[in-house]
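**Q** Below you'll find the structure I mean.
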Amino acid sequence: MTHHTRKSIAVAATIAILAIAYYGSFLPLRKSQLFIHALRTVGQARSFPEFAEAMSVPLDAPSPIGQEELVRNMGNYLVNIIRGNAQNPELVAAVMQYMERYYAPILARGRGMSYEQNLFVLGTASEFAFIKTNNPQYLAAAKRYYLQGFSLGPNRPQPLYGLLDVYRMEGDLDRAIEMGEKIVSLWPSDERTKGVLEELKGDKRP
């Protein structure tokens, strides 16, 4: 091996190490720092567009890892925005569109370590969006996300409780009772769901 070849290999190795450090360490760290900064500033936002502008900085920052976690944290934050506001269809629509924009690539992959949790966040957001606006498209979306989660984890509490809520809102007593009974069979100490079941069965009696 010639001196020139050894030097070329050394240079290539150095570049590779720097690239790994840049993409594997610096970019994720920078993305996290931007997200922390955004969380500190969004509380001062006077409107949802201002919130979205601040939050988009870390969400749009390039990084090979960390995006899904940040999107999920953002999603939980937006659920609280929907839950905490009075009936405001325009705000709810803007929040849901913003959330769906960043969740679209995650849903397109259809997998991931926290994929079921992502479905639950979207289902919860859609459920509260329906409660706030009475728009049936949000209830249909919540049902779709919860059913996806149920198909992946039929004994996980999030989709079970979510579907119980959805079926009650739809007036589908049979399926609501089915979900309630499954929940109680898995968690016998859940007195709240037992009470809901009694109400549902009472409503079903002629």
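**Q** Only one of ARG111, ARG192, ARG175, ARG144 is under 14 Å from the mean Cα position of the chain (by Cα) and either assigned to a helix (DSSP H, G or I) or among the aromatic types (Phe, Trp, Tyr) (or both). Can you tell me which? Please lay out each step first, then the result.
**A** Numbers: ARG111 fails: either assigned to a helix (DSSP H, G or I) or among the aromatic types (Phe, Trp, Tyr) (or both); ARG192 fails: under 14 Å from the mean Cα position of the chain (by Cα); ARG175 fails: under 14 Å from the mean Cα position of the chain (by Cα).
Answer to the check: ARG144.
**Q** Go through the residues of segment 114-122 one by one and say whether even a single one is among the polar types (S, T, N, Q), part of a helix (DSSP H, G or I), modelled with pLDDT under 95 and within 15 Å of the chain's Cα centre (by Cα).
**A** yes
**Q** Could you list all residues from segment 77-100 that are loosely packed, with under 14 Cβ neighbours inside 10 Å and within 17 Å of the chain's Cα centre (by Cα)?
**A** Passing the criteria: ASN80, GLN97.
**Q** If you scan segment 28-63, which residues turn out to be in contact with a Pro (Cβ under 9 Å, 6 or more places away or on another chain), aliphatic (A, V, I, L, M) and crowded, with 18+ Cβ neighbours inside 10 Å?
**A** LEU34, ALA38
**Q** Could you tell me which numbered condition GLY66 fails, if it satisfies all but one of (1) buried (at least 20 other Cβ atoms within 10 Å of the Cβ); (2) modelled with pLDDT under 85?
**A** So the condition that GLY66 fails would be (1).
**Q** Does any residue of segment 167-176 turn out to be buried (at least 19 other Cβ atoms within 10 Å of the Cβ), closer than 13 Å to LYS143 by Cα and not aliphatic (A, V, I, L, M)?
**A** yes
**Q** Sticking with this one: Might you check whether a residue that is modelled with pLDDT under 75 and hydroxyl-bearing (Ser, Thr, Tyr) occurs anywhere in segment 52-62?
**A** No, because not a single residue in segment 52-62 is modelled with pLDDT under 75 and hydroxyl-bearing (Ser, Thr, Tyr).
The values are calculated or read from the model by the stated rules, or taken from the named source; none is laboratory data. Here the structure is a predicted model, which is why all the values come from computation and not from measurement. So basically every Cβ, Gly included, is an ideal-geometry build from the backbone, and we count neighbours across all protein chains shown.
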